[in-house]
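In what follows, a structure is listed as structure tokens, so that the remarks can point back to it.
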Amino acid sequence: MGGSPGARGAGEHPSPVVRVGTGYDSHRFDPRRPLKLGGVHFPGSPGLSGFSDGDAVAHAVIDALLGATCLGDIGTHFPPGEEAWRDADSMELLAASVAMLRGEGWAVGNVDVTVICERPRIGPRAAEMRARLAERMGVRAGAVSVKGKSNEAMGWIGRGEGIAVHAVATVVRASRS
Ligand SMILES: [Zn+2]
């Protein structure tokens, strides 16, 4: 199959040049662990539970990228419970995911992340998080946005039980497959 777009049947659409994916993650606080979000350490804040290092920002971004490229989700590629991923550095998993989508002919376009928690405050560390995420994805920091929101003291986030993260990512066609 394949060939020029003109060779396609009437019901077929050429692959779009830009695709979008969303990712969501949530983790419960675990005060015995250090807090890492987007590869940035938050001293004095309780960490997040999880089989890996609990970096919910990295996890949501991975799922957004894998979603944009229809490559499954983080659990498909890095199953929790597998010894290889115990306490894994999630930013390494992010780099591995980007390598995966590059192998399929895609490049990261831009990423937008919203972190929802009552504490710690995200804003003062957002620039560092953007830089770390950008570095691991091989894009400019200007292609990565990180925003912090409180949940206005409502629900499980408001009670300080954990952190939720939403991410949206675009990928662009880097080569014809
Ligand atoms: Zn996670």
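If you check residue 90 against the conditions, is it in contact with a His (Cβ under 7 Å, 6 or more places away or on another chain), surrounded by fewer than 16 Cβ atoms within 10 Å (Cβ to Cβ) and not hydrophobic (A, V, I, L, M, F, W, C)?
The answer is no for residue 90.
Kindly indicate which of 67, 109, 50 is under 16 Å from the mean Cα position of the chain (by Cα) and within 13 Å of the ligand (Cβ to nearest atom).
So the residue among 67, 109, 50 that is under 16 Å from the mean Cα position of the chain (by Cα) and within 13 Å of the ligand (Cβ to nearest atom) is 50.
Pairs, please: C-beta under 7 Å, at least 6 apart or cross-chain, first residue in a loop (DSSP other than H, G, I, E, B) and in region 68-88, second of a type in the set (Phe, Trp, Tyr) and modelled with pLDDT of 95 or more?
Close Cβ pairs (under 7 Å, with a partner that is of a type in the set (Phe, Trp, Tyr) and modelled with pLDDT of 95 or more) amount to 69/106.
Which condition number does residue 84 fail, the rest of (1) closer than 22 Å to residue 131 by Cα; (2) away from the ligand (no atom under 13 Å from the Cβ) being met?
(1)
Among (1) modelled with pLDDT of 95 or more; (2) surrounded by fewer than 22 Cβ atoms within 10 Å (Cβ to Cβ); (3) under 17 Å from residue 23 (Cβ atoms); (4) under 14 Å from the mean Cα position of the chain (by Cα), which single condition is residue 135 missing?
If we test residue 135 against (1) modelled with pLDDT of 95 or more; (2) surrounded by fewer than 22 Cβ atoms within 10 Å (Cβ to Cβ); (3) under 17 Å from residue 23 (Cβ atoms); (4) under 14 Å from the mean Cα position of the chain (by Cα), just (3) comes out false.
Given the options 44, 23, 50, name the one that is small (Gly, Ala, Ser), assigned to a loop (DSSP other than H, G, I, E, B) and either over 20 Å from residue 168 (Cβ atoms) or out of contact with any Phe, Trp or Tyr (no Cβ under 7 Å at 6 or more places or on another chain) (or both).
50
Quick one: in region 53-64, of everything that is closer than 11 Å to residue 97 by Cα and either among the aromatic types (Phe, Trp, Tyr) or out of contact with any Asp or Glu (no Cβ under 6 Å at 6 or more places or on another chain) (or both), which residue is farthest from the ligand (Cβ to nearest atom)?
Step by step, filter region 53-64, then rank; the result is 64.
Return the pairs, sorted by first residue and then second, in which the second residue is surrounded by fewer than 17 Cβ atoms within 10 Å (Cβ to Cβ) and modelled with pLDDT of 95 or more, the first residue lies in region 95-124 and is farther than 19 Å from residue 18 by Cβ and of a type in the set (D, E, K, R), the beta carbons are less than 8 Å apart, and the residues are 6+ apart or on different chains.
118/150; 118/151; 118/153; 118/158; 118/160; 119/160
For every residue, the table says whether it meets (1) of a type in the set (A, V, I, L, M, F, W, C); (2) on the phi < 0 side of the Ramachandran plot; (3) surrounded by fewer than 21 Cβ atoms within 10 Å (Cβ to Cβ).
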| position | (1), (2), (3) |
| --- | --- |
| 49 | no, yes, yes |
| 61 | yes, yes, no |
| 65 | yes, yes, no |
| 68 | yes, yes, no |
| 78 | yes, yes, yes |
| 84 | yes, yes, yes |
| 96 | yes, yes, yes |
| 100 | yes, yes, yes |
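I'm trying to understand the selection: among the residues of region 17-31, which are in contact (Cβ under 8 Å) with a residue 40 or more places away in the chain and either more than 9 Å from the ligand (Cβ to nearest atom) or farther than 17 Å from residue 116 by Cα (or both)? Write out each step before concluding.
Narrowing region 17-31 to residues in contact (Cβ under 8 Å) with a residue 40 or more places away in the chain: 17-29.
17, 18, 19, 20, 21, 22, 23, 24, 28, 29 - these are the residues of region 17-31 that are in contact (Cβ under 8 Å) with a residue 40 or more places away in the chain and either more than 9 Å from the ligand (Cβ to nearest atom) or farther than 17 Å from residue 116 by Cα (or both).
Among residues belonging to region 32-47 that are more than 14 Å from the ligand (Cβ to nearest atom) and surrounded by fewer than 21 Cβ atoms within 10 Å (Cβ to Cβ), point out the one that is nearest to the chain's Cα centre (by Cα).
Filtering region 32-47 for residues that are more than 14 Å from the ligand (Cβ to nearest atom) and surrounded by fewer than 21 Cβ atoms within 10 Å (Cβ to Cβ), the one nearest to the chain's Cα centre (by Cα) comes out as 41.
The values are calculated or read from the model by the stated rules, or taken from the named source; none is laboratory data. Please read all numbers here as calculations on a predicted model, not as lab measurements. Glycine gets a Cβ as well: all are built from the backbone with ideal geometry, and neighbour counts include every protein chain shown.
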